[in-house]
Structures are given as structure tokens and as C-alpha cells.
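Participant: Sharing a structure here in C-alpha cells format.
The values are calculated or read from the model by the stated rules, or taken from the named source; none is laboratory data. Bear in mind the structure is a predicted one, so any value in this text is a computation, not a measurement. All Cβ positions, even for glycine, are placed from backbone atoms using ideal geometry, and neighbour counts span all protein chains on display. Heavy atoms of the whole protein, side chains included, go into the accessibility calculation; ligands, DNA and RNA do not. Shrake-Rupley method; radii C 1.70, N 1.55, O 1.52, S 1.80 Å.
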Amino acid sequence: VQVGHMGAVNTLWCRKEEYGLAPGDVALQLFSYAFDGFVTSFFTPIISGARVVLLEKKDLGDIDTIKQEICRQKVTHFISVPALFSALLDTLTGNDLQSLKTVTLAGDKVESTLLEKSRNKAPNLEIANEYGLTEGSVMSTLYRHQENDHSVKIGRPIANNCIFILDTGFQLQPIGIAGEIYLGGIG
């Protein structure tokens, strides 16, 4: 899928503003460069002046290596698919989580059981939920502080994007009525 520069830049600037990454922050990069999420997880810290920790390809799914690097590098932020974060939570202790401020979940559906698991293991850790698809310049919506909710939310559209909930006849649905998500805007 080709993604235009304008959409990708919009997503990056939105993430930079939203997360407030700064030169003192450290982001752990867990996505392959072939995955669209790499664009947001790698370039957001770069344009924010934060440091990015890269792992060897063989270590991208190794829970023990990821845990060691979070502690050793004093990682403050990272993006993960929910399943990997869940497995990571199984091995982390309170001491391992001292540097972490925010974990962004993306790339797959977030289950409420994962939110509960995170609250129990790391009550002060912010969980952000990003929703989007490659064609929408990777991220279309964002919900911050998901850890405070018991139901999973995908949030609101990011800057310069919009969402419509439509029925099968492409008519707008009233608030609270189910339908299909349609995205619009720069993304």
C-alpha cells in the first residue's frame, strides 16, 4: 500500500504532540521495518529528540531480551501488539517497570482482560490504544489512558481525520447505533 507523505507526516506530528516525547525519553522499537507500525514507532521519537533502542531481528519477539532492554535502557515508551505486551506482563515485576511511562497498543484488538492484567501488574502505567490501518496512514484514532476504563475504546480521530459510522446503505448512523467505520481526511 502506498501512503502519501502528507498523511504519514500528519500521523507523526499528531503522535509527537499527543505523547509529548522529549530528549530525555527512550523508545523501544519492537516492529519490523516491513510493518506499517514501524513508521510511527520509529520516527515519532526521532522527530521528538528521544532516543530509540533497536533490537536485533532475532530478539524482536524474545520476551527475556525485551525485558532486559527495558530495564537496561530505562525505556519510557514503546508500541506493542497486545499479545506481546500480555506475554511481557507475565514476566515483568514492579522494579522492571520503574522507567516505563506509556505503552501503546496497536496492530490488533485489545481485550479488556489485558487492561485488567496491566492494572494489576503496573497500576501507574499509561495504556494508549491506537487504531488504524495502513491505508489510513497507520493511525486514525487514539484513546489515551485506556488503563482507567474497563471497556476497550478506539478513541477519537486524530487531527485532520474523521470517522463516520454508516449502515449498509452508506447512511450515517445515530449515536450509539452499530455500523461500519469509514475513515476520511488527510490519512
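Participant: When you scan region 49-63, do you find a residue that is in contact with a Lys or Arg (Cβ under 9 Å, 6 or more places away or on another chain) and open to solvent by 30 Å² or more (accessible area, probe 1.4 Å), even just one?
Facilitator: No; the residues of region 49-63 include none that is in contact with a Lys or Arg (Cβ under 9 Å, 6 or more places away or on another chain) and open to solvent by 30 Å² or more (accessible area, probe 1.4 Å).
Participant: The conditions are (1) among the hydroxyl-bearing types (S, T, Y); (2) open to solvent by 10 Å² or more (accessible area, probe 1.4 Å); (3) touching a residue at least 60 places away in the same chain (Cβ under 8 Å), and Y33 fails exactly one of them. Which is it?
Facilitator: Every condition holds for Y33 apart from (3).
Participant: Let me ask something else. How about region 152-187: which of its residues are within 19 Å of T134 (Cβ to Cβ) and of a type in the set (F, W, Y)?
Facilitator: Y182
Participant: Counting only residues that are farther than 14 Å from V103 by Cα and among the polar types (S, T, N, Q), which one in region 10-33 is nearest to the chain's Cα centre (by Cα)?
Facilitator: T11
Participant: Going by the structure shown, is F85 loosely packed, with under 13 Cβ neighbours inside 10 Å and of a type in the set (F, W, Y)?
Facilitator: no
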